[in-house]
Amino acid sequence: MEGCYILFDHRQEPELLVETVTIGDVAVRSYIIPIVQDRPLDKGV
């Protein structure tokens, strides 16, 4: 049995990470995907 965990990382210095952890007979593949974008401007709402 397999599972997948995906996380989008919005931190200032994100790092790509791909790993597999097996718990019992379940293999969970984890992906941490860096998202690099400018912060939106504060509109004074």
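Each value in this text was obtained by applying a stated rule to the coordinates, not by laboratory testing. Bear in mind the structure is a predicted one, so any value in this text is a computation, not a measurement. Cβ atoms come from the backbone with ideal geometry, glycine included; neighbour counts cover every protein chain shown.
Just one residue in the set Arg29, Arg39 is of a type in the set (Lys, Arg), without any contact (Cβ under 8 Å) to a residue 60 or more places away in the chain and exposed (fewer than 11 other Cβ atoms within 10 Å of the Cβ); that residue is Arg39.
Consider the stretch 28-45 and keep the residues that are in a strand (DSSP E or B) and of a type in the set (Val, Ile, Thr). The one that is nearest to the chain's Cα centre (by Cα) is Ile32. Counting only residues that are part of a strand (DSSP E or B) and either more than 17 Å from the chain's Cα centre (by Cα) or among the aromatic types (Phe, Trp, Tyr) (or both), which one in the stretch 1-27 is nearest to Asp38 (Cα to Cα)? Checking each candidate, the answer is Phe8.
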